[in-house]
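What follows is a single structure, written as structure tokens, with notes after it.
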Amino acid sequence: MSDTNTSRSILGNRVLRKEDPKFLTTGGVYVDDVHMELVGAAAVTYVGSTMASARILAIGTDEAKAAPGVLGVFTAADVQADLGDFPSDMGVLNQDMVRPWLATDVVRYVGEPVVIIVSDTRTQGVDAAELVLVEYDPLPVVVDPEEAVTNEHLLHESAGTNISFEIPPRKPADFETCEVVIRQRIVNQRVAPCPLEVRAAAALWTDEGRLTHWASTQGPHSVRDALAKVYGLDKAQVRVISPDVGGGFGAKGATYPEELLMGWLARKVGRPVKWVETRSESMLNLGHGRGQVQDVELGGSRDGTIRAYRVHVLQDSGAYPRMGAVLPFMTRTMLTGVYAIPDAEFRSTSVVTNTTPTVAYRGAGRPEAAAAIERAVDLFATEIGMDPAEVRRKNFIANDAFPYKTRMGTTYDSGNYGGALDLALEAAGYEELRGEQERRRENGSTKVLGIGMSVYVEITGGGPSEEYGAIEIRPDGTVLAKTGTSPHGQGHVTSWAMLISDRTGIPIDKIDVVHGDTDVVPQGGMTGGSRSLQVGGVAMHQAAGEMVEQAKQLAAELLEANPDDVVLDRTAGRFHVTGTPAVAKDWSDLATAASADGGAGLVVEHVFNSTGATFPSGSHVAVVEVDTDTGKVELVRMVAVDDAGRILNPLIAEGQVHGGLAQGAAQALLEEMAYDPDGNPMTGNFADYGFVSADVLPTFEIVHLETPTPLNELGAKGIGESGTIGATPAVQNAVIDALAHLGVRHIDMPCTAEKVWRAIQEAGA
């Protein structure tokens, strides 16, 4: 960099997270921990439907209203009278299916909010909720999207259909020249996001008529904008504060009626209000993820060349279509994965069911694409009798083909798919594993070995996208940095401090990074889609560069020199004229001078506009042991090569990969949000839902590979969702590979002991 000397960059170093001491000692400050500003806040309780599909005949609230501590009881009619309809957030969806604030005439899933109770304490609200009497007239229940698409029973009668969104094929794929064609129905099951901090919100009105709203969210500015729209306010009249957020995984990127109603409820009872859902409520009302049924066809030659690929996605939207209904678009975008497939076809149909609405969940449409193509490639390899690694190598997009435009019209920026697979297989000891697998089979062992692999590519930081970054040097030489990104575990405070320190020479411990308050940070985008470093990080990096240039101009004035002759010694944090380091000005000197006589100080505001999405990639190898007597699966090894371009901080990157691997493996083996035929959730709490824990996971083996992107000056791609995209098909493939010699061809996720055992029995029969 021209503005610095040759001092060593800290970028790429394993820097400990600045955030961690607080979380490991006093703990974070979450919405439920906000007390001083919310003195006297009333508690909000939602009464949810106990039926999945029914007409509401009557709602009895008299006993609840008379209960101790109750300040108000409200139904859909009350809300509708003041706020009108719940605002539709996606115009491309069927507008006859828009969710109401509260269930109005019909309930459409178990847990759907029907009544609101505001009380002095939470306990009083829970007690009063038990006194609400709702009379229901049951309606037919549809929980299976394959049943919903027949339109035999309509969830929204005015819509005249259960189809909420469709993507038609552009051109049929031609399988005529294919020697081999495999076909498989693949279920990418519905999962619950399960952040450890459930949804929470609070609100108060100031004497000046401003709304202050606290939210556990991935994007406070989008919440501010939604509130301004709902309440007819200018954005400047709304302040949203997002304190520490205990996980989001995409589901907290949406705005929900329960949160947006806080301001209305605060007005109704004339005091601040706070709402914190229970874990059971979160499992039923925080948007679910995935939920695709995929009909897959893949064809090619017996030499391993893939020639054609076709996928039809049936997407479960849940009762009210939101982001989840359009996510097949992202599945389409990444349809052909890392392979140079000359002919491909995609179509999708999204339908409503009597279940919780689906939204974005870690990866949001991209894991579904990877799961489909990586299972299809394994099935194809089995059919032609070729090693799955060799089939992959034969069909990879070549390293010299980038930028590469796929059959779906997606242009990949850069990648090294063969290199990633080779690194993963070498680290795993692939040949030795195959030898051990064969020995166990020959010995008749009941504990068989399975080796599964995946090679994936995903899209991150989809554009156009912009992000805000601001830097102020204080007179004491410390830094106040403001970012429009809003972290919930990603380590932005450390990462942005590293970027600023690298350009300014100011030590990381003297850099404070603030976020999550729309009064402090004027604009910002949601933290999601693995966009933060390549958009928000670049914004901060460029702001720091502008700060150095501004400081050089001021230093030149103070040193009575030409700005072109002034250099920054980053090691010492001092500006001096070339060749005369003894006479210098440090950051404190400059900030003090800039603030003198009412000066504006050393302040830079910057907005970075990205030029396009990047495409991280990688390869995962999973090794499992399967007990053929019981069907029990144990994940014994997980090797991950995740190529996210230039890595800013390997420690933080590995943390993101670890979390993604855990969630990906959990979907493959454990997780499923299941409903019975009457629409009752069967896995509605952590006693029944297969929530992953450390005792079922091996120590992850991480191998680094960096293929920089040319699309931003850091060379960085996203890494927050990579683990979930590569791990899931690798683990699923490993389970099926373990049982291939028994005749097992496919097992849908999650590969539970019961499913595996049944697959073994059916193959044997």
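For the chain, with all protein chains present and a 1.4 Å probe, just round the carbon and sulfur fraction of the accessible area to a whole percent.
On the way: 14420 of 28550 Å².
Whole-percent figure for carbon plus sulfur exposure: 50.
Note the full-extension length gain between Ala765 and Asp303 as 0.36 nm times their separation in residues minus their Cα-Cα distance, in nm to one decimal.
Numbers: separation 462, 0.36 × 462 = 166.32 nm, distance 3.19 nm.
Extending this stretch completely gives an extra 163.1 nm.
The calculated FRET efficiency for Thr121 paired with Asp20, based on their beta-carbon distance and R0 = 25 Å, is about 0.15. Indicate the gyration tensor shape class of region 443-507 (rounded, prolate or oblate), computed on the Cα atoms with a ≥ b ≥ c the square roots of the eigenvalues: a/c under 1.5 is rounded; otherwise a/b larger than b/c is prolate and the rest oblate. Cα axes put region 443-507 in the prolate bin. Subtracting the Cα-Cα distance of Glu390 and Glu37 from their residue separation scaled by 0.36 nm leaves 120.9 nm. Taking the alpha carbon gyration tensor of region 408-451, multiplying each eigenvalue by 5 and rooting it gives semi-axes of 34, 13, 6 Å, largest first.
How many percent of Cα pairs in region 314-384 exceed 18 Å? Walk me through the intermediate numbers first.
Values: 1096 of 2485 pairs.
Tail of the P(r) past 18 Å holds 44 percent of the pairs.
Across all Cα atoms of region 377-522, the radius of gyration (one decimal) and Dmax (whole number) stand at 24.2, 75 Å. Of the GluC sites (Glu not before Pro) found in region 159-205, those that fall in a DSSP loop while having at most 16 other beta-carbon atoms within 10 Å are Glu176, Glu179.
Under the shape rule built on the C-alpha gyration tensor, where the axes satisfy a ≥ b ≥ c, region 679-723 is oblate, since a/c reaches at least 1.5 while a/b does not exceed b/c.
What is the calculated FRET efficiency for Asp62 to Asn680, with r their C-beta to C-beta distance and R₀ = 22 Å, to the nearest 0.05?
Working: r = 28 Å, r/R0 = 1.29.
Efficiency, rounded to the nearest 0.05: 0.20.
Tell me the net charge near Leu211. Cut-off is 10 Å between Cβ atoms, Leu211 excluded, with +1 for each Lys or Arg and -1 for each Asp or Glu. Write down the numbers at each step before the final one.
Values: positive: Arg210, Arg224, Arg239, Arg267; negative: none.
Here the count lands on +4.
In straight-distance terms, cross-link reach from Lys65 covers every one of the lysines whose alpha-carbon lies under 16 Å from its own, apart from those fewer than eight places away in the same chain; here that gives Lys268.
Would you mind getting me the FRET efficiency between Thr446 and Ala159? Use the beta-carbon distance for r and R0 = 56 Å, nearest 0.05. It would help to have the intermediate numbers written out before the result.
Values: r = 53 Å, r/R0 = 0.94.
For R0 = 56 Å, the calculated efficiency reads 0.60.
For region 139-230, dividing the convex hull volume of the Cα atoms by the residue count gives 264 Å³ per residue. The equivalent ellipsoid of the chain has semi-axes of 43, 39, 22 Å, largest first, where each one is the square root of 5 times an eigenvalue of the Cα gyration tensor.
Where nothing but the Cβ of Lys and Arg (+1) and of Asp and Glu (-1) is charged, how large is the charge dipole of region 373-413 around its Cα centre, in debye to the nearest 20?
Values: 6 positive and 7 negative charges, 34 e Å.
With Lys and Arg at +1 and Asp and Glu at -1, about 160 debye.
Taking only the Cα atoms of region 667-765, the radius of gyration and Dmax are 18.2, 59 Å. Note on the chain: helix-only mean residue ellipticity at 222 nm, from DSSP H runs of 4+ residues weighted -39500 (n - 2.57) and normalised by residue number, equals -8500 deg cm²/dmol.
Across every pair of different alpha-carbon atoms, what Kirkwood hydrodynamic radius in Å does region 241-308 reach? Kindly include the intermediate steps, with their values, before the conclusion.
Working: mean 1/r = 0.0604 Å⁻¹.
Taking the inverse mean of 1/r over all distinct Cα pairs, region 241-308 comes out at 16.6 Å.
Rg ratio for region 284-405: its Cα radius of gyration over 2.2 N^0.38 Å, N being its residue count, equals 1.17.
Across region 69-85, computed HN-Hα scalar couplings (Karplus, 6.51 cos²θ - 1.76 cosθ + 1.60, θ = phi - 60°) run x, 7, 9, x, 10, 10, 10, 4, 4, 5, 5, 4, 4, 9, 10, x, 6 Hz from first to last residue, x flagging Gly and Pro.
Taken per residue, the accessible surface of region 13-108 reaches 52 Å², heavy atoms only and a 1.4 Å probe.
Provide the net charge surrounding Gly450, with neighbours chosen by a C-beta distance below 15 Å and charges set as Lys +1, Arg +1, Asp -1, Glu -1. Walk me through the intermediate numbers first.
Working: positive: Arg375, Arg434, Arg439, Arg440, Arg441, Lys447, Lys632, Arg637, Arg745, Lys755; negative: Glu374, Asp378, Asp387, Glu432, Glu436, Glu438, Glu625, Asp627, Glu634, Asp737.
Net charge around Gly450: 0.
In this structure the amide hydrogen of Phe165, modeled in the peptide plane, comes within under 5 Å of the amide hydrogens of Ser350, none closer than 5 places in sequence on its chain.
In this simple spin-label approximation, Glu383 and Glu208 carry label points 7 Å from Cα along the Cα→Cβ vector, and these lie 6.7 nm apart. For region 267-358, the share of DSSP beta bridges that are antiparallel, to the nearest 5, is 45%.
Averaging over all projection directions, find the projected area of the Cα convex hull of region 707-747 and quote it in nm² with one decimal place.
Values: hull surface 16.6 nm².
For the Cα atoms of region 707-747, the hull's average projected area reads 4.1 nm².
About the centre of its Cα atoms, the chain shows a dipole size close to 560 debye [charges on the beta carbon of Lys, Arg (+1) and Asp, Glu (-1) only; nearest 20 debye]. How big, in percent, is the set of alpha carbon pairs in region 57-169 lying more than 21 Å apart? Here the long-distance tail beyond 21 Å is 50 percent of all Cα pairs in region 57-169.
Please report the relative contact order for the chain, taking Cα pairs under 8 Å with a sequence separation of at least 6, and give it as a percent rounded to a whole number.
Reported as a whole number, the value is 15 percent.
If you take all other residues with their beta carbon under 12 Å from the beta carbon of Thr349, and give Lys and Arg +1 and Asp and Glu -1, the sum is -3. Accessible area per residue for region 632-765, computed on protein heavy atoms with a 1.4 Å probe, is 37 Å². With Cα atoms as the point set, region 526-653 shows a radius of gyration and Dmax of 24.6, 84 Å.
Of the listed pairs Lys229/Lys252; Lys235/Lys274; Lys447/Lys717; Lys229/Lys274, which have alpha-carbon separations greater than 29 Å here?
On the way: Lys229/Lys252 19 Å; Lys235/Lys274 22 Å; Lys447/Lys717 40 Å; Lys229/Lys274 21 Å.
Over 29 Å apart, Cα to Cα: Lys447/Lys717.
Obtain the nm distance between the two label points defined at Thr571 and Thr278 by a simple spin-label model: each point lies 7 Å from its Cα along the Cα-to-C-beta direction. Spacing of the two 7 Å Cα→Cβ label points: 6.3 nm.
The values are calculated or read from the model by the stated rules, or taken from the named source; none is laboratory data. None of the values given here were measured: they were computed from a predicted structure. We place every Cβ from the backbone using ideal geometry, glycine too, and count neighbours over all the protein chains shown. These area figures cover heavy atoms from the full protein model, side chains too; ligands, DNA and RNA do not enter into them. Shrake-Rupley method; radii C 1.70, N 1.55, O 1.52, S 1.80 Å.
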